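Read through the structure below, which is laid out as structure tokens, and then see the notes.
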Amino acid sequence: MAHPKSKVSKQRKNKRRTHYKAELPTLATCSNCGTTVQYHRVCPECGFYRGKLAVEKTVTA
């Protein structure tokens, strides 16, 4: 089992982790209503996913 000879400083640790960044999600347009939707997600506006109704949306007035 690996055993470090000395403590890794915060600065050295943070330098190594500079490339661990959150990337922007890939976006697409909904084929039903045309709004911007994240890939592999049900459209929050109309409830369609890949051209089929996945979630029944109710209209509140």
Quick calc of log₁₀ I(q)/I(0), the chain, Debye, one scatterer on every Cα, no solvent, q values 0.16, 0.23, 0.25 1/Å, result -0.64, -0.95, -1.02
Lysine pairs within the chain, Cα separation less than 27 Å, 8 or more sequence positions apart or different chains
6
Run the helix sum for the chain: -39,500 (n - 2.57) per DSSP H stretch of 4+ residues, divided by residue count, reported at 222 nm to the nearest 500 deg cm²/dmol.
-3000 deg cm²/dmol
Just need the relative contact order of the chain here, percent rounded to a whole number, with Cα pairs under 8 Å and 6+ apart.
17
How do the peptides 6-12, 50-56 rank, highest first, by the average count of neighbouring beta carbon atoms within 10 Å per residue?
50-56, 6-12
Karplus-derived HN-Hα couplings along the range 16-29 (A = 6.51, B = -1.76, C = 1.60, θ = phi - 60°), whole Hz, x at Gly and Pro
5, 8, 5, 8, 8, 10, 6, 9, 5, x, 6, 10, 9, 9
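None of the figures in this text is laboratory data; all of them are computed from the coordinates on show. These numbers were taken from a predicted model, which means no experiment stands behind them. Neighbour counts are summed over all protein chains in view; Cβ atoms, including those assigned to glycine, are modelled from backbone coordinates with ideal geometry.
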